[in-house]
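Enquirer: This is the structure I have questions about; it appears just below.
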């Protein structure tokens, strides 16, 4: 059931990732990587539709997950340098890091919003379901391992090692910031990862860092702030995601009216009918099938569905106008204008206009009574005193208050005259678009 030998992998971010010298644990990791459930992640892009804007962002959830497992192993071994490779806690932590994104479907978070899915729930199901190859490999190594690994995806788990997999300073964020910055070419997403890793420690409540990593952690949080502003919430990326959502909404509405759109027995068809797919069926979904369906819809007789699908496939993206909210009165005025636009839309045109709201908090500060595992980033000073980083860093204290909420009008180019009518002075300038 386990691979005959471990392997060496070459990674663009971390260089060599090797499990060759770790015995049965190394063979377990390679066996998990070789399962069909994990190999499927090769066909799920890490950044969804962002490659329509940042052409280098073609990397996959597979590559990211490999990096997360590598960093989780480095963190665990930094905290416990004398722990054997096959220590049960070490095995479960690194395996959970490898499999943390196993439940992601095509287009990642964008598709979750379309179908109301949760990749975390599918991650748990794929690991816990005895019919999956993933579960069988874990069980062969240790019958208790599937449930121990799945426990890392439950909120009730409070063991400090969960912070290695999921927290404000975890292997997941360390990898995706480094990888996404490299692949998109957004240099402000870079930070001093090696310094942070060297200075990590822990207690029963989770991870902490030596004060000598103070500035590096500030840089890491600033990098995350910029990556959300410049990449994850980029106006054209969000416009593409809005178009994907509207396309599936139109397809579902046509299905409900009896129009032939897709076979109700197909995987996407079953999702569109509201079915929760069993784990084994879910694993058959990939972006290859989804793009093939989008290409097919671009030739559909329904002009709205065909336009949305063809525009996505050929990268004719919606216009995007950011509405800066300056006060409660201003927000009410913006909402009045949005309603005015909607009132003037025909039934078909309602698929061509959306108010997109995106929000994020760069750093969540400590508050009394919070669960410390996965909570605030804690620093230990030279006297051994622990403090939340925002208590002494004016930069992080500002980031903790810098939660932002972007409000944008995303609309088809044919609606530009209508938008000009509603905004008499014309739409505000949005800067030079990035192609």
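The values are calculated or read from the model by the stated rules, or taken from the named source; none is laboratory data. Quantities reported herein were computed from a predicted structural model and do not represent experimental measurements. Virtual Cβ from ideal backbone geometry, glycine too; neighbours counted across all protein chains shown.
Enquirer: Inspect all residues belonging to segment 340-354 and state whether any of them is within 25 Å of the chain's Cα centre (by Cα) and closer than 18 Å to residue 167 by Cα.
Expert: no
Listed here are the residues, each with its yes/no results for (1) touching a residue at least 24 places away in the same chain (Cβ under 8 Å); (2) under 20 Å from residue 171 (Cβ atoms); (3) out of contact with any helix residue (DSSP H, G or I) (no Cβ under 8 Å at 6 or more places or on another chain).
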site: 62; (1), (2), (3): yes, yes, no
site: 83; (1), (2), (3): no, yes, no
site: 97; (1), (2), (3): yes, yes, no
site: 100; (1), (2), (3): yes, yes, no
site: 110; (1), (2), (3): yes, no, no
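Enquirer: If you don't mind, another one. Please specify each residue of segment 366-412 satisfying the condition of being within 16 Å of residue 205 (Cβ to Cβ), surrounded by fewer than 20 Cβ atoms within 10 Å (Cβ to Cβ) and modelled with pLDDT under 90.
Expert: Result: 366, 367, 368, 369, 370, 371, 372, 373, 375.
Enquirer: Have a look at 190, 133, 148, 179 and point out the one that is more than 20 Å from residue 91 (Cβ to Cβ) and surrounded by fewer than 22 Cβ atoms within 10 Å (Cβ to Cβ).
Expert: Answer to the check: 190.
Enquirer: Test of understanding: among 13, 68, which residue is in the same structural domain as residue 131 (by TED's automatic domain parsing), touching a residue at least 60 places away in the same chain (Cβ under 8 Å), in a loop (DSSP other than H, G, I, E, B) and under 30 Å from residue 208 (Cβ atoms)?
Expert: Numbers: 68 fails: in a loop (DSSP other than H, G, I, E, B).
One residue alone meets the criteria, 13.
Enquirer: What are the residues in segment 281-297 that are surrounded by fewer than 17 Cβ atoms within 10 Å (Cβ to Cβ) and more than 17 Å from residue 44 (Cβ to Cβ), if any?
Expert: 295, 296
The rows are residues; the columns are (1) at pLDDT below 95; (2) in a strand (DSSP E or B); (3) touching a helix residue (DSSP H, G or I) at 6+ places or on another chain (Cβ under 7 Å).
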site: 191; (1), (2), (3): no, no, yes
site: 194; (1), (2), (3): no, no, no
site: 197; (1), (2), (3): no, no, yes
site: 209; (1), (2), (3): no, yes, yes
site: 213; (1), (2), (3): no, no, yes
site: 216; (1), (2), (3): no, no, yes
site: 220; (1), (2), (3): no, no, yes
site: 223; (1), (2), (3): no, no, yes
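Enquirer: If I filter segment 30-42 for residues that are assigned by TED's automatic domain parsing to the domain that holds residue 193, at pLDDT 95 or above and over 20 Å from residue 280 (Cβ atoms), do I get at least one hit?
Expert: yes
Enquirer: Just to be sure I understand, how many residues within segment 269-305 are assigned to a loop (DSSP other than H, G, I, E, B) and closer than 24 Å to residue 348 by Cβ?
Expert: Number satisfying all stated conditions: 7.
Enquirer: Moving to a separate point now. For segment 116-130, which positions are surrounded by fewer than 17 Cβ atoms within 10 Å (Cβ to Cβ) and part of a helix (DSSP H, G or I)?
Expert: Selection gives 121 alone.
Enquirer: Looking at (1) over 22 Å from residue 148 (Cβ atoms); (2) more than 19 Å from the chain's Cα centre (by Cα), which is the one condition that is false for residue 49?
Expert: The single condition residue 49 does not satisfy is (2).
Enquirer: When you go through (1) modelled with pLDDT of 95 or more; (2) in contact with a strand residue (DSSP E or B) (Cβ under 6 Å, 6 or more places away or on another chain) one by one for residue 8, which number turns out not to apply?
Expert: Status for residue 8: all satisfied but (1).
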